[in-house]
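Visitor: Quick one: the structure is below, and I'll ask about it shortly.
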Amino acid sequence: MSVRRLSAVQPESFAFKPETLEKVNWWIKKYPESRRQSAVIPALWLVQKQEGWVSEPAITAVAKLLNMPQIRVYEVATFYTMFMLEPVGSAALIQVCGTTPCQLRGSEALMKVCKDKIGPKDTLSADGKFYWQEVECLGACTNAPMAMINDYYYEDLTPENLTQIIDDFAAGKEPKPGPYNGRHTSEPLGGATSLLEASLYDGSAAKPVKIPNAPEAEVKA
């Protein structure tokens, strides 16, 4: 694993937004008070959702909130690659899968698009809107080549439609995630050959079931 370090340039301070702090406290309450440190990963994730990345002041704030040594939070933030340790694009963080199935299906061409339109990988674009990187398998091999952009998967990509996706993000649009070759999720390219009745998998045949002691809540069985 490569060495991961915090950005050399750090903000002067960090503050939880009220809605972020509310969600962090929700996670903390899932654990006994003596185990509140167990909420460190969701706390860091919520920080990243608020700021786009995890800064040193944010690590300090999480450590104080969870009553744990700052170095322990630092260890978590630098170990898990899902945490970005430097500012990322305000429009899109593009993570192109470069593992074998995607590489064989053209991921190198996707990376060239990113380099040509955004700049070097692992570097914030000149306009501050984009940041791209090569990552290991994202688990969508059937839909190779693909990329995770912000929180969603964009699959069955070509250099042409990735170019359009980047242009759309630059224009403030929200391109639709999912496959870009016309198929539904990861079904065969020629269409489904089994489970042809949608009710077998779309949940429409499920019946609502009352949850004991919770008369207002229902779940699908």
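Visitor: What are the residues in region 151-170 that are in a loop (DSSP other than H, G, I, E, B) and either over 22 Å from G128 (Cα atoms) or modelled with pLDDT of 95 or more (or both), if any?
Guide: D156, L157, T158
Visitor: Between a first residue in region 62-80 that is outside the structural domain of W26 (by TED's automatic domain parsing) and a second residue that is basic (K, R) and assigned to a helix (DSSP H, G or I), which pairs have beta carbons less than 7 Å apart while being 6 or more apart in sequence or on different chains?
Guide: Matching pairs, first to second residue: none at all.
Visitor: So, one more: All but one of (1) surrounded by fewer than 16 Cβ atoms within 10 Å (Cβ to Cβ); (2) assigned to a loop (DSSP other than H, G, I, E, B) hold for R35, so report the exception by its number.
Guide: Single failed check for R35: (2).
Visitor: Another question, then. Just name the residue that is modelled with the highest pLDDT out of those in region 197-221 that are part of a loop (DSSP other than H, G, I, E, B) and of a type in the set (D, E).
Guide: Looking at the filtered set, the residue picked out is E197.
Visitor: Assigned to a strand (DSSP E or B), farther than 25 Å from M84 by Cβ and touching a residue at least 12 places away in the same chain (Cβ under 8 Å) - does that describe any residue in region 176-196?
Guide: Yes - at least one qualifying residue is present in region 176-196.
Visitor: Right, another one. Please go through region 1-25 and pick out each residue that is among the aliphatic types (A, V, I, L, M) and at pLDDT below 95.
Guide: The answer is M1, V3, L6, A8, V9.
Visitor: Please specify each residue of region 93-109 satisfying the condition of being surrounded by fewer than 22 Cβ atoms within 10 Å (Cβ to Cβ), of a type in the set (A, V, I, L, M) and outside any helix (DSSP H, G or I).
Guide: Of everything in region 93-109, just one residue is surrounded by fewer than 22 Cβ atoms within 10 Å (Cβ to Cβ), of a type in the set (A, V, I, L, M) and outside any helix (DSSP H, G or I), namely L93.
Visitor: Checking G128 against (1) in a helix (DSSP H, G or I); (2) of a type outside the set (D, E, K, R); (3) at positive phi, which test does it fail?
Guide: Status for G128: all satisfied but (1).
Visitor: Going through region 139-150 one residue at a time, which ones are hydrophobic (A, V, I, L, M, F, W, C) and either at pLDDT below 95 or under 20 Å from L189 (Cβ atoms) (or both)?
Guide: A140, C141, A144, M146, A147
Visitor: Then there's this: Inspect all residues belonging to region 62-78 and state whether any of them is surrounded by fewer than 18 Cβ atoms within 10 Å (Cβ to Cβ), assigned to a loop (DSSP other than H, G, I, E, B), hydroxyl-bearing (S, T, Y) and at pLDDT 95 or above.
Guide: Among the residues of region 62-78, not one is surrounded by fewer than 18 Cβ atoms within 10 Å (Cβ to Cβ), assigned to a loop (DSSP other than H, G, I, E, B), hydroxyl-bearing (S, T, Y) and at pLDDT 95 or above, which makes the answer no.
Visitor: Could you check region 155-185 and list, in sequence order, the residues that are among the hydrophobic types (A, V, I, L, M, F, W, C) and surrounded by fewer than 19 Cβ atoms within 10 Å (Cβ to Cβ)?
Guide: A170, A171
Visitor: Provide a single number: the residues in region 110-131 that are surrounded by 15 or more Cβ atoms within 10 Å (Cβ to Cβ) and touching a residue at least 40 places away in the same chain (Cβ under 8 Å).
Guide: Adding up the residues that qualify gives 8.
The values are calculated or read from the model by the stated rules, or taken from the named source; none is laboratory data. Keep in mind the model is a prediction, meaning the values are calculated, not measured. All Cβ positions, even for glycine, are placed from backbone atoms using ideal geometry, and neighbour counts span all protein chains on display.
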